[in-house]
Every structure is written in structure tokens, then in C-alpha cells.
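Right, one structure below, let's go through it.
The values are calculated or read from the model by the stated rules, or taken from the named source; none is laboratory data. Remember, predicted model here, so these are calculated numbers, not experimental data. Glycine gets a Cβ as well: all are built from the backbone with ideal geometry, and neighbour counts include every protein chain shown. SASA here: full protein model, heavy atoms, side chains in, ligands and nucleic acids out. Shrake-Rupley method; radii C 1.70, N 1.55, O 1.52, S 1.80 Å.
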Amino acid sequence: DIRFPEYRQAFDDIFSDRSLASLRRFPAPSDLLQLTPEQMVQIWGEYMARPGGVRGKNKALELQSLARHSVGDTTALEEDKWELRHLIEEYERICRIIEEADEMIEKILPEIPCSDLVRSAGASVPATAAILAFGGDLRKLSHGNQLLRKAGLNLAERSSGKYKGQIKLTKRGNSLLRKHLYFTVFHLLSFNGAFQAMHAHNTEVKRMTKMQSMMKLIGKLARMLVAMAREGQTFSMDKAQLPLAA
């Protein structure tokens, strides 16, 4: 933002392979103007499988055009380039740690009871791991509301202040469990027909706001997961839509 404020015009995702290679090797406008487009593509090839072609050359020309008209500060530029290089190395180190952790989770998850059932509902590997880690053995829960309480998604009445008497979420449970239940429903709404139909029914027929519908669907998911675990059954589209059909 300070040294090359126009940079984001060239990259929607500054963490893409091409962008990270650029920031590592020629982060400042002055660095770009010392290279030809062909040299830039060649350098990208050290970090990418397919750096060239029309797209690669056009991106190089776009970056150089932005560099020629950049208003970035050039004071103490070398010191900032040194700091940026180490920031990128730290970012890549953390990414490797996350990848290793994800691989470990994916390897261990099949050994955890009910993991296959939770996955069948459309939960991602990280979400499944979080639900089982913080929700415990779902087979031992008698109702989905118990899972909601563990996530702090149960309702309670405010007892003080100007909002006294109003109903709110307690948020006294595990925040990671709450987060992954929310994002699982958010993910389901992009591809799961049953949840899409229920969301449409809530917003169009029951006139709920989208957030109200989301919270209702989180409760639906929690009850569904506990029922699936207790019965040992995988996700069923028909059963999920039974209340809607009624």
C-alpha cells in the first residue's frame, strides 16, 4: 500500500503463486522496470508450473504499466523489501504448518466415531473435526439442542441493562464449534438442495431475514447430526426436507 499502491489492481488475490513470486523477486516499481516481460515470465516459472502464455505476458505488461505511473514512496526502500521477504517466508511457513495439520486431521478423522456420518451431511474435513472435537461423541447426546448449548447457540433472556427482557444467543459455548456450525450451513446453502429449499422457505414464506434463517438452519443441522449419530444413518435428502413438506 505504501511502496506500490497500484499493485492490487493487477492481482485480485495477492496470495496467488504469481503474486507471491512477484513480491518476492520484484516487489517495487523500480524492480519491475529493470526487467523485460519475458524475464518476468521466466522468473515466475521458478514458482509456477504454467507461468507463460498470453495471460502471463499480459500480466507482466500490466504490472510494468502500473509501475511506470506508481506514486509509491521510495524512501528506505531496500529495508522494506528485506522486511517483505521475511514476511513472505513466514507466511509460507505457516501455510506449510496448516497443510501438515490438515493432512494429519484427514488421516485420523476416519478413526473417530460418527465422522463418516457428519461428512455425509456435507461438512468439510476441518468442520467435521471441530464438531466432533468440541461437540464430543454425538451418540451420547439426547437432542441437537445439547450440541447448540455446547456451541453457545442456545437462547437466553437478557437480565440487565437497557436490553433487559430481550432474547439473545448466550455465546457461552465453544467459539470454534459455533464458527464451524455456521460455516457448514453457509457451505451447504451453495450446493445442498434440501438446505437451499429450507432457506428459501424461511425467507420467502416465513419472511425471515437471511441471518434469522441461517440461525434456524444451524439448529436444524445440529438436530440432524445428533439424530444421524444416534441412529447410525448417513444424511438423507428426503428426511432433511420432511418438516418443509409437512
Filter result (open to solvent by less than 30 Å² (accessible area, probe 1.4 Å) and not in a loop (DSSP other than H, G, I, E, B)) within region 1-17 | Tyr7
Odd one out for Thr75, checked against (1) exposed (fewer than 12 other Cβ atoms within 10 Å of the Cβ); (2) touching a residue at least 40 places away in the same chain (Cβ under 8 Å); (3) of a type in the set (Ser, Thr, Tyr) = (2)
Condition check for Gly56: farther than 23 Å from Glu89 by Cβ and surrounded by 16 or more Cβ atoms within 10 Å (Cβ to Cβ) = yes
What about Ala101, is it hydrophobic (A, V, I, L, M, F, W, C), more than 30 Å from Glu231 (Cα to Cα) and open to solvent by 90 Å² or more (accessible area, probe 1.4 Å)?
-> no
Qualifying positions in region 163-174 - open to solvent by 70 Å² or more (accessible area, probe 1.4 Å) and either at pLDDT 90 or above or not basic (Lys, Arg) (or both) | Tyr163, Gln166, Ile167
Members of region 18-51 found to be part of a loop (DSSP other than H, G, I, E, B), surrounded by fewer than 17 Cβ atoms within 10 Å (Cβ to Cβ) and either free of Cβ contacts under 8 Å to residues at least 24 places away in the same chain or small (Gly, Ala, Ser) (or both), listed by number | Gln34, Thr36, Gly45, Ala49, Arg50
Among the residues of region 57-69, is any of a type in the set (Gly, Ala, Ser) and under 29 Å from the mean Cα position of the chain (by Cα)?
-> no
Selection count, region 106-132, where residues are among the aliphatic types (A, V, I, L, M), free of Cβ contacts under 8 Å to residues at least 24 places away in the same chain and surrounded by 13 or more Cβ atoms within 10 Å (Cβ to Cβ) | 4
